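Enquirer: Structure below; questions to follow.
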Amino acid sequence: MNYEESRKYIQDASSRGSVLGLDNIVNLMNKLGNVQDSLKVVHIAGTNGKGSTSAYITQILIEAGYTVGRYTSPAVFDYMEMFTINNINISEDEYAVNMTTIKKAIDEMEAEQMTLPTPFEIETALAYLYFYRNKCDIAIIETGMGGRLDATNIVKSPLVSVLTSISKDHSRFLGETLEEIAFNKAGIIKKNCPVVSAIQCDEASKVIKEEAIKNNSKLIECNKLQNVRFNNDKTYGKYVGSIAFDNILDKDNTDEKVLNKTNRKYDENEINEDEINANEIKNNEFNIETSMLGTFQVHNIPTAIETVLVLKSEGFFIYKENIENGIKNTAICGRCERINDTPAIYIDGGHNPGAALNLKNTLEMYFTNRKLVYIIGVLADKDYDTVLSVTGGLANHIITVTPPDNARALDGRELLKTVLKYNASAEYADDLEKAVNRGIECAGDDGVLFVFGSLSYLGRIKKIVRSKKG
C-alpha cells in the first residue's frame, strides 16, 4: 500500500466497532513477532500532563544522545505527529511500509476468524513496529484514554511506569469516582517494575500505592517544585530529586572518583564518604527554566525528572545538564501555546475539570488585569459544565463553536446555553474563521484571546491565524 491507501485502510477500520479488552492487540502483536518486547519502554498514563511529561522526558534523552521514539494521541495539528523519532514525524513512506506489514498480519487474523483490531490498536502496533525497526534506544509510550485495558498496555516489563495527574475524565468508560479512574490508570503498573507518580489527590494516591504494593513495584512519589516564579512567559524554579545519584554531574566538572563510585570501580580507601554525600546532594538539585506556559508544569516537570532519574539508575547515562537543558528546550504544540502576538492568542487542549483548574490558575497568574476573550469548543462526552464553572467567570467575553469533522462534537449552540450560566457575555459562531475574527475584535490589541477545549479543532484555529499573518 502507498500512503493514501494506508490512511484509507485505517479509516475504514473504524467501521468494525471494538471489543473490550486486550485480545485484539495481543493477537495482532503475536502476528508481528511481539516486537514491543524487544523495546525499552517508558509507559505513561494519567488524566492531564501526559503530553508535556513525555515531551520533557523525550527532550532530556535526546540531549543525552539517545534515539527516542515517542507515541502520543490524539494528533493536534498533523496525524503523523503521533509517531516521532527524536521529535521528527514518521515519513509517509515509512508509514506506508509499516502499515503494509500490519495489514498482512490483520489479513491472517481475518482468515483465522479472529476479531479485527480498531484504528487505535492498529496505530499502537504501528508505533511499536516503527520504533523497533528503527532501533530506538528507548520508546516513550502514552496511553490513550485509560490504562489497564488500553491497547498500549501489552508491554510486560517497562523500564518505568509513569502516572501523571489523575482527575475525572471519560467517566463513562473509566468510572464515576476518582478511585475507579485511578484503578484503571494504575493498571499500567507491572510486577517488579518501578513506578513514578506525580503529586496526586488522596483518593488517587491511595489506589496507586495499593497497586504498587500488590505488584512489588518501587513507588517514587514526586516532590514539589521549589522557588517557583513566573516571568515573561517563562517558569523558573528548583527541583530536588527523590532519588539521589552521585553521578548526575556537569560534563565539564565530572569528578572521576565520584563517577567511579557509581560504576563500582573504586577503591574504598581512596574516597571520603562525606565528600560523596555532599556531592549527591549538590548534584541532585536542578535549576528549572521552561517556556512551557502553565502553572500545571510545576507538576509535569518533577514527574519527568524523577522518571529520568529512574532511567539513570537502570543504566542510561545522563548528565545533570542534559536534564536542565532538556526541560529548557522542550516545546509542545497545543499546550498553552502562543500562536500570535498582537493580540496575544493562545491555544490549549484543556477539556476536563482537572485541566480547567490548572487553566484557571494559569490565566490568573499570567493575564491579570488584561481583557480576556475565550473561544471554546468541546466534545459532548466531556464534563464541560464543570470546566465552565471553573473558568467561565474569568472571561470578559466567550465565543462558542462546534469542533468540525468530529462525531463526538457538542453543538456550539448547546454549549452556549451552559456558558450563559456562568457568564452573560457570550455568543455562538457558526464558523471557526468567524469565531477568530470576532475574538480578535473583542480582545483588541492589548487583550488576550484564549482558545481551548477539544484538541481536535486547535489545528484549524492555528491555520486560520497563520493565514491572517500572511
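The values are calculated or read from the model by the stated rules, or taken from the named source; none is laboratory data. Here the structure is a predicted model, which is why all the values come from computation and not from measurement. Because the Cβ atoms are built from the backbone with ideal geometry, glycine has one as well, and the counts that use them run over all protein chains shown. Ligands, DNA and RNA are excluded from the accessible area calculation, which covers all protein heavy atoms including side chains. Shrake-Rupley method; radii C 1.70, N 1.55, O 1.52, S 1.80 Å.
Enquirer: How far, in nm, would the chain grow between ASP23 and THR342 when pulled straight, counting 0.36 nm per residue and subtracting the alpha carbon separation?
Expert: Taking 0.36 nm per residue and subtracting the Cα distance, the gain is 109.7 nm.
Enquirer: To the nearest 0.05, what FRET efficiency results for ASN2 and GLU441 with a Förster distance of 51 Å applied to their C-beta separation?
Expert: 0.70
Enquirer: Something else now. Just need the relative contact order of segment 342-406 here, percent rounded to a whole number, with Cα pairs under 8 Å and 6+ apart.
Expert: 41
Enquirer: A follow-up question, please. Compare the Cα positions of ILE106, SER52, TYR79 along the charge dipole of segment 34-112 (+1 at Cβ of Lys, Arg; -1 at Cβ of Asp, Glu; about the Cα centre) and return the one farthest towards the positive end.
Expert: Towards the positive end, the residue furthest out is SER52.
Enquirer: Can you tell me how much longer the chain between ASN287 and LYS421 gets when fully stretched, taken as 0.36 nm per residue apart minus their C-alpha distance, in nm with one decimal?
Expert: Taking 0.36 nm per residue and subtracting the Cα distance, the gain is 43.9 nm.
Enquirer: Okay, helix-only estimate at 222 nm for the chain: each DSSP H run of n ≥ 4 adds -39500 (n - 2.57), divide by all residues, round to 500 deg cm²/dmol; what do you get?
Expert: -12500 deg cm²/dmol
Enquirer: Students often forget the sequence filter, so: which lysines lie under 24 Å Cα-Cα from LYS469 once same-chain residues fewer than 8 apart are removed?
Expert: Within the straight-line limit of under 24 Å, LYS469 reaches these lysines: LYS371, LYS434.
Enquirer: Right, next: Specify which labelled value, from (i) 170; (ii) 135; (iii) 154, agrees with volume of the Cα convex hull per residue in Å³ derived from the coordinates of the model shown.
Expert: Here volume of the Cα convex hull per residue in Å³ agrees with entry (iii).
Enquirer: Of all accessible surface on the chain at a 1.4 Å probe, what whole percent is carbon and sulfur?
Expert: Of the solvent-accessible surface of the chain, carbon and sulfur hold 45 percent.
Enquirer: Could you put LYS463, LYS50, LYS434 in order of accessible surface area, largest first, with the 1.4 Å probe and the full protein assembly present?
Expert: Listed by decreasing accessible area, they come as LYS463, LYS434, LYS50.
Enquirer: Hey, could you pull the Cα Rg and Dmax for segment 64-207, both in Å?
Expert: Rg, Dmax (Cα atoms, Å): 16.6, 49.
Enquirer: Tally the DSSP beta bridges in segment 359-465 and give the antiparallel ones as a percent, rounded to 5.
Expert: Antiparallel: roughly 5 percent of the beta bridges in segment 359-465.
Enquirer: Which whole-number percentage describes the relative contact order of the chain, with Cα contacts under 8 Å and a sequence gap of 6 or more?
Expert: 15
Enquirer: What value in Å³ per residue do you get for the convex hull of the alpha-carbon atoms in segment 43-82?
Expert: For segment 43-82, the hull spanned by Cα atoms encloses 77 Å³ per residue.
Enquirer: Taking a probe of 1.4 Å, how large is the accessible area per residue of segment 358-450, in Å²?
Expert: Ligands and nucleic acids excluded, the result is 44 Å² per residue.
Enquirer: Oh, and also: With each pseudo-label sitting 7 Å past Cα toward Cβ, what's the ARG408-ASP430 distance in nm, one decimal?
Expert: 2.7
Enquirer: Which of rounded, prolate or oblate describes segment 35-117 when judged by the alpha-carbon gyration tensor and an a/c cut-off of 1.5?
Expert: Because a/c hits 1.5 or more and a/b exceeds b/c, segment 35-117 counts as prolate.
Enquirer: In the structure displayed, which of LYS238/LYS468; LYS190/LYS360; LYS206/LYS360; LYS40/LYS462; LYS218/LYS320; LYS185/LYS312 lie more than 31 Å apart, Cα to Cα?
Expert: Going by Cα-Cα distance, LYS238/LYS468; LYS190/LYS360; LYS40/LYS462 fall outside the 31 Å limit.
Enquirer: Once you put a point 7 Å from the Cα of ASN216 and another 7 Å from the Cα of MET114, both along the Cβ direction, what distance in nm separates them?
Expert: 3.1
Enquirer: With the contact rule set at Cα under 8 Å and sequence spacing of 6 or more, what percent relative contact order holds for segment 27-181?
Expert: Relative contact order for segment 27-181 comes out at 40 percent.
Enquirer: Enter the Cα centre distance for the pair segment 53-77 and segment 83-142, rounded to the nearest angstrom.
Expert: So the two Cα centres are separated by 18 Å.
Enquirer: While we're on this one: I want the antiparallel fraction of DSSP beta bridges within the chain, as a percent rounded to 5.
Expert: 35
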